[in-house]
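The structure under discussion appears below in the form of structure tokens.
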Amino acid sequence: MKRTLISLFSLMGLALAVTSCQKDEGVAKFNAVQEPCTFQDGKTVLNGEGVEWVSGDQVAVYGTAGCAIYSAQPTAEATSATFALVSGNAGDAPYSAIFPASIAVASSTVNLPAVQNSVDGSLAGFPMYAVSNDENLSFKNLCGALKLSLQKNGVSVSRIDVTTNAAVNGQFSIVMNGDAPTINLVSNGSNTASLVCATAQDISNGHDFYMYLPHNTYTSLTITITAQDGSVCTKNTNDNFIGLNIYRSQVSQISLGENSLNFVPAEPSDVPAGAVNGLFSISASKQIYFAKGNLQYVGTTGTWQFAEHQYDYLGTSNANPNANSTIDLFGWGTSGFDGKLPYMTNIDNTQYGFGYNRSINRTNYDWGQYNQIANGGNQAGTWRLLSVDELRYLFMSRANATAKRGIGTINGIPGLIILPDDWTMPAGLQFTPGASTSANRTWEVNSYSYADWARMEANGAVFLPAAGCRIAELTDKVDMAGFYWSNTSNNINAAAATYFNNTKILATNQYPKHYGSAVRLALVAE
């Protein structure tokens with residue numbers, strides 16, 4: 001169905017001549033109307049000429065006998081068409097109908113896809129639903145629309161990914177509340193909806209992109225825009241907007257202009273999956289890549305992943321962990337091997353790692369050695385922790401070591417910045433090494449916006465957020481300090497970890513093994 005904004009959001013009658021699959025003596029007539037879609041100020045988008053069906057459009061019609069799929073076969077784009085039976089047998093009324101047929105699972109269940117196709121100035125396959133006791137179908141919109149207005153000179157967009165704090169695809173059940181449908185999640189696909197352009201769209205003079213999303217108040221939002229040349233721009237909730245409200249049958253708009261869109265080059269193809277594009281010396285003959293984010297355990301699926309961004313951390317959400325928790329603070333050596341579960345809170349330090357004074361280097365107690373990391377190559381034995389000697393070399397012995405580490409903030413998030421061996425400062429930005437020496441002990445020795453950090457990260461900079469720690473069930477020093485495990489045991493009760501706050505940076509210090517600390521894995525460069 002061709003759905004320009006004029007046609008998609010117009011309210012008008014639509015006569016559908018649908019060839020009956022159960023009655024040889026005649027043709028069942030379905031008269032369908034469509035509700036308008038409006039901006040949040042209540043104004044109709046545009047008044048216009050109506051929906052035009054095109055050959056191949058399919059609807060799923062459910063009746064007393066089951067489901068039948070019908071395909072539009074107009075000789076040209078038209079507001080009415082004959083629909084030929086493709087398969088199935090709907091039977092008699094009551095009827096329910098779903099457009100497009102490709103998302104129909106059952107008479108009141110749809111599967112919202114993870115990938116949507118971009119159509120210039122249009123929404124492709126905007127989900128609709130109708131119920132009726134006769135042949136008069138009044139289609140209702142199941143979702144709301146996001147209008148993303150982008151402008152950046154010299155850029156053509158090929159893909160847009162919108163990641164939220166709630167499910168935006170997967171199976172949803174439909175419930176009619178009076179005249180309006182509500183959709184409820186049945187099974188979760190993912191929290192990311194992707195809009196793919198068959199042909200890259202030039203946004204030099206501005207361009208509008210449309211995608212549909214379930215009704216929700218999305219408090220966390222990341223928009224990743226990929227250009228035709230592979231460069232990427234990432235915008236976050238706290239960057240230019242605060243959350244996103246999507247209302248059923250309404251359009252919500254986000255506009256991002258020339259000065260707010262900063263595209264950075266794509267990672268070189270030789271950078272391992274899940275790694276930051278920067279090499280760091282940990283001995284005179286060995287370099288490593290750091291992971292692109294802190295390690296996270298997703299209890300509901302029993303899987304491991306790196307945080308989406310280097311500055312992401314779960315903080316107080318680590319309190320009182322259990323088997324279903326998503327956490328990023330772990331007791332030492334709790335990879336899941338040998339009963340050392342990632343959500344352990346036992347205060348007996350001898351229950352962690354080997355249970356005595358021994359390094360976990362290249363053992364299954366090391367998270368990266370034992371586990372597959374979903375967004376880090378998904379292969380066990382690839383990533384690992386650094387040792388005390390390697391950390392000391394990184395922080396104190398490599399060339400210009402002390403000039404390549406310092407505290408700072410990214411959009412107000414405090415943490416430690418480590419620069420790679422081969423460092424080039426992006427134009428217009430500055431870096432001051434070390435911790436705070438000012439009287440008020442501020443973290444803002446270095447202060448970067450999300451856009452600034454994207455440029456730093458593209459050149460290989462690493463950021464370890466001040467994620468705090470967990471002592472038994474309770475979190476401590478979140479936003480005040482960072483504790484990052486090494487693979488080295490100091491004694492039966494303590495292991496070594498990198499520690500920093502706003503006044504000091506310690507390559508290694510020792511902490512009780514039951515302390516829940518952050519894990520930033522590394523991968524040795526070949």
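Remarks
- Ranking SER71, SER190 by solvent-accessible area of protein heavy atoms (1.4 Å probe, all protein chains present), from largest to smallest, gives SER190, SER71.
- One decimal place: the segment VAL86-THR300 gains 73.0 nm when fully extended, by the rule 0.36 nm per residue minus the C-alpha distance.
- Extension gain (nm, one decimal) between THR64 and MET480, 0.36 nm per residue minus Cα-Cα: 143.4 nm
- Beyond 39 Å, the tail of the calculated P(r) for the chain holds 38 percent of the Cα pairs.
- Simple spin-label estimate for SER156 and ALA93 gives 5.1 nm between the two label positions (7 Å along the Cα-to-Cβ direction from each Cα).
- Value of relative contact order over the chain, rounded to a whole percent, pairs C-alpha under 8 Å and six or more apart: 11 percent
- Distance (nanometres) between label positions extended 7 Å along Cα→Cβ at GLN372 and VAL196: 2.2 nm
- Within the chain, percent of DSSP bridges classed antiparallel, to nearest 5: 85 percent
- Remark: the LYS286-THR326 segment gains 11.1 nm on full extension, using 0.36 nm per residue and subtracting the alpha carbon distance.
- Here the 3J(HN,Hα) profile of the range 278-284, calculated from phi with Karplus coefficients 6.51, -1.76 and 1.60 at θ = phi - 60°, is x, 9, 10, 6, 10, 6, 5 Hz, Gly and Pro shown as x.
- Computed from the Cβ-Cβ distance with R0 of 41 Å, the FRET efficiency linking ASN509 to ASP229 stands at 0.40.
The values are calculated or read from the model by the stated rules, or taken from the named source; none is laboratory data. Here the structure is a predicted model, which is why all the values come from computation and not from measurement. Every residue, glycine as well, gets a Cβ built from its backbone with ideal geometry; the counts of neighbours run over all protein chains shown. To get the accessible areas, we keep the full protein, side chains included, count just its heavy atoms, and leave off ligands, DNA and RNA. Shrake-Rupley method; radii C 1.70, N 1.55, O 1.52, S 1.80 Å.
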